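Reading through the structure tokens given below for one structure.
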Amino acid sequence: MAVQLTQAGIAATLMSLPPILVIPLTMIIHKERPTWLSVIGAVVAVIGVAMLFIE
């Protein structure tokens, strides 16, 4: 519902955040260290989506 009430760029950026949020949870719950590739991939994905909608 909230996604329908905001601008497309903001909604897309927020919807690309789950990989960023899952990495710390994995570290806490499973005691696993993320690989640099997974961290870089998550950051690049969020930046890429944000760049699509920069005005």
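Read-outs throughout are calculated quantities, based only on the coordinates presented, and are distinct from any laboratory measurement. These figures come from a predicted structure and were not determined experimentally. Ideal geometry is used to build each Cβ from the backbone, glycine not excepted, and the neighbour counts take in all protein chains shown.
Sort out which residues of the range 42-55 are surrounded by 13 or more Cβ atoms within 10 Å (Cβ to Cβ) and more than 12 Å from GLY9 (Cβ to Cβ), and write them in order of number. So that I can check it myself, show each step before the final result.
At the first step, the residues of the range 42-55 found to be surrounded by 13 or more Cβ atoms within 10 Å (Cβ to Cβ) are 42-43, 45-46, 49-50, 53.
The answer is ALA42, VAL43, ALA45, VAL46.
Restricting the search to the range 19-40, which residues are loosely packed, with under 12 Cβ neighbours inside 10 Å and assigned to a helix (DSSP H, G or I)? Of everything in the range 19-40, those that are loosely packed, with under 12 Cβ neighbours inside 10 Å and assigned to a helix (DSSP H, G or I) turn out to be LEU21, PRO24, LEU25, ILE28, ILE29, TRP36, LEU37, ILE40.
Find the residue count for the range 5-18, including only residues that are part of a helix (DSSP H, G or I) and either touching a helix residue (DSSP H, G or I) at 6+ places or on another chain (Cβ under 8 Å) or surrounded by 10 or more Cβ atoms within 10 Å (Cβ to Cβ) (or both).
Counting residues in the range 5-18 that are part of a helix (DSSP H, G or I) and either touching a helix residue (DSSP H, G or I) at 6+ places or on another chain (Cβ under 8 Å) or surrounded by 10 or more Cβ atoms within 10 Å (Cβ to Cβ) (or both) gives 9.
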